[in-house]
Amino acid sequence: MTDLLLGQVLSFTADPFAEGPSAARIDEALVIEGGRIAAVGAADALRRQYPQARVTDYGRHLVSAGFIDAHVHYPQTAIIASWGKRLIDWLNTYTFPEEMRFADPAYAAEVTARYLDLTLANGTTSVCSYATIHPASVDALMAEARARGQRIWTGKTCMDRNAPDGLRDTAQSAYDDSAALLAKWHGVDRLSYVITPRFSPTSTAEQLEALGALWAAHPDCLMQTHLSEQLDEIEWVKGLYPQARDYLDTYEQFGLLGRGGLYGHAIHLEPREKDRLREVDASLIHCPTSNTFIGSGLFDMGGLKAAGHRVGLATDTGGGSSFSMLRTMAAAYEVGQLKGRALHPAELWWLATQGSARSLLADDRIGNIAPGMEADLVVIDLASTPAIAQASHRAGTIWEAVFPTIMMGDDRAVHAVWIGGARR
Ligand code: GUN
Ligand code: ZN
């Protein structure tokens, strides 16, 4: 089956943080064959070139690469929007009791299906998610994503201290369970395993060392963790690891710093930490709705991008308050304003697609519309509500037309989603 899609087809030829908005282009049509983008270009030319193709005309809708959420906790789906706590209390009050429920594989399967339905409704085609300490919580997401043909990253969250009974593993079992899950799932269809120490406060040095050794044995895997999210957390880390130079050093010492390392939040960074993260080309993941919701702080997008950091965008559901990458772009814009840097809509859209794909070292497969890329697409109605329609109807440029949807759009703006070349 060959599909020809007509619409305002958005792609990026470069990073708009470096090249400006001209890094984005709009074409009239794209062709999908065998689950991949076969061609992008003018409608008439592609109709002539692919006369047998099934044509879907999306009119003035925006056709983009699907959104990629580079840091989420799918097991926190049910506790999203829990009131009144900051990070450590929030973990103890809401998060850990909910994550305990994933000892039941049936519950894990139920939440997995609900979570993937919610992300699909919001136009998110790929996620990199934490699971819980339970291996079955990884199996649940991997199996469901596989059945849906989705490109997914996840891993067993490892914690061997400062977590309640029933939610702790050990250095050895974290290594063994992670290694077994990696062998079972990594590279199966579109699935990837991610080595996942939750964060330094919930791991002993022995556990971080064991997971560093596992990463060294599987350098093609990503590694995800949290870094410098809240000031109280940083003080806690200093007390737990008195010999460390800074928070990042608690990972660096144990082989958990490198390219393919994903560091969630990364708000309150010391100059040394920024320099080392840049030197090793690690990925920083911006979680703006979470950082305001839990009261963590303001990520320095302008400064970090200008310094050449690899940055992705994420909801951090359920510390984050939304499943929507549109809402997440809006929050990134607002945080940027508070930091004195108005992010351009092209930069916001790039972060939610290419930027996240680059942070996951997967930009050769997903996150853009170009020949050879996997056909994960979202089709966006740029006039999905009366308020958005009236705000965008005088737009002179594509970005003036898109920005009201970034700021006010939700799942009603998501007109269609394609995953692996199939309309969902
Ligand atoms: N730090 C350690 N665990 C978590 C988590 O689940 N959510 C957030 N936002 N920060 C964390
Ligand atoms: Zn997180």
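The numbers here are math on the coordinates, done by the rules we state, and not lab data. Fair warning: this is a prediction, and the values are worked out from it, not measured in the lab. No Cβ is skipped: glycine too gets one built from the backbone with ideal geometry, and neighbour counts run over all protein chains shown.
Just a few scattered comments:
- Amide H contacts under 5 Å for Arg310, placed H, 5+ residues apart: Leu284
- With Cα atoms, 0 to 90° folded angle of helix 398-408 axis to the chain main axis: 40
- Dipole of the stretch 1-151 computed with +1 at Lys/Arg Cβ and -1 at Asp/Glu Cβ about the Cα centre; of Ala24, Met100, Leu4, farthest Cα towards the positive end is Leu4.
- Measuring between alpha carbons in the structure, the pairs from Lys156/Lys305; Lys85/Lys184; Lys156/Lys274; Lys85/Lys156; Lys85/Lys274 lying more than 32 angstrom apart are Lys85/Lys184.
- Calculated diffusion of the chain, Stokes-Einstein form, Kirkwood radius summed over Cα pairs, 20 °C and 1.002 mPa s, µm²/s: 99
- The alpha carbon centroids of the stretch 60-100 and the stretch 204-226 are separated by 23 Å.
- Label-zone membership for the stretch 357-392, site Arg412, 7 angstrom Cα→C-beta point, backbone N under 12 Å: 383-390
- One way to sum up the overall shape of the stretch 92-179 is the equivalent ellipsoid from its Cα gyration tensor, whose semi-axes run 24, 15, 11 Å, largest first.
- Using the rule -39500 (n - 2.57) for each DSSP H run of four or more residues, divided by the residues of the chain, the 222 nm mean residue ellipticity is -10500 deg cm²/dmol.
- Highest mobility in the GNM of the chain, judged by mean-square fluctuation with C-alpha springs under 10 Å and restricted to Cys128, Cys287, Cys221, is found for Cys221.
- Look at the dipole of the stretch 144-193 built from charges on Cβ: of Cys158, Ser192, Ala171, the Cα furthest out on the positive end belongs to Ser192.
- Two-site FRET efficiency, Arg101 against Val280, from Cβ-Cβ distance with R₀ of 41 Å, rounded to 0.05: 0.65
- Sites Glu19 and Ala395, calculated FRET efficiency, Cβ-Cβ separation with R0 22 Å, nearest 0.05: 0.50
- The residue list Met329, Leu377, Tyr50 was ranked by how far each Cα lies along the charge dipole of the chain toward its positive end, using unit charges on Cβ atoms, and Tyr50 comes out on top.
- With Cα atoms, 0 to 90° folded angle of helix 135-148 axis to the chain main axis: 10
- Dipole magnitude of the stretch 318-424 about its Cα centre (Cβ charges: Lys, Arg +1; Asp, Glu -1), debye to nearest 20: 120
- Lys, Arg +1 and Asp, Glu -1 on Cβ, resulting dipole of the stretch 234-293 about Cα centre, debye, nearest 20: 60
- Among Lys305, Lys156, Lys184, a tally of other beta-carbon atoms within 10 Å of each Cβ gives an order, fewest to most, of Lys184, Lys305, Lys156.
- Highest-MSF residue in the chain out of Pro21, Pro386, Pro201 [GNM, Cα springs under 10 Å]: Pro386
- Degrees between helix 105-121 axis and first principal axis of the chain (Cα, 0 to 90, nearest 10): 40
- Cα shape, the stretch 334-416, gyration tensor, a/c 1.5 rule: oblate
- Dipole moment magnitude, nearest 20 debye, the stretch 1-111 about Cα centre, only Lys, Arg, Asp, Glu C-beta charged: 200
- At 1.567 mPa s and 4 °C, Stokes diffusion of the stretch 248-327 via Kirkwood alpha-carbon radius, µm² per second: 99
- As a calculated quantity, the FRET efficiency between Ala113 and Arg48 at R0 = 56 Å, using C-beta atoms, amounts to about 0.85.
- Taking Ser129, Ser173, Ser137 as the candidate residues, the one with maximal mean-square fluctuation in a Gaussian network model of the chain, Cα springs under 10 Å, is Ser173.
- If the segment from Arg423 to Ala205 were pulled out straight at 0.36 nm per residue, it would be longer than the present Cα-Cα gap by 73.8 nm.
- For the stretch 66-133: rounded, prolate or oblate by the Cα gyration tensor [a/c cutoff 1.5]: oblate
- The 3J(HN,Hα) values that the Karplus relation (6.51, -1.76, 1.60; θ = phi - 60°) gives for the stretch 68-74 are, in residue order, 10, 9, 8, 7, 8, 10, 4 Hz. Gly and Pro appear as x.
- Close amide-amide hydrogen proximity is noted between Ile133 and Thr157, each under 5 Å apart and 5 or more residues distant or on a separate chain (H modeled in the peptide plane; Pro and chain starts excluded).
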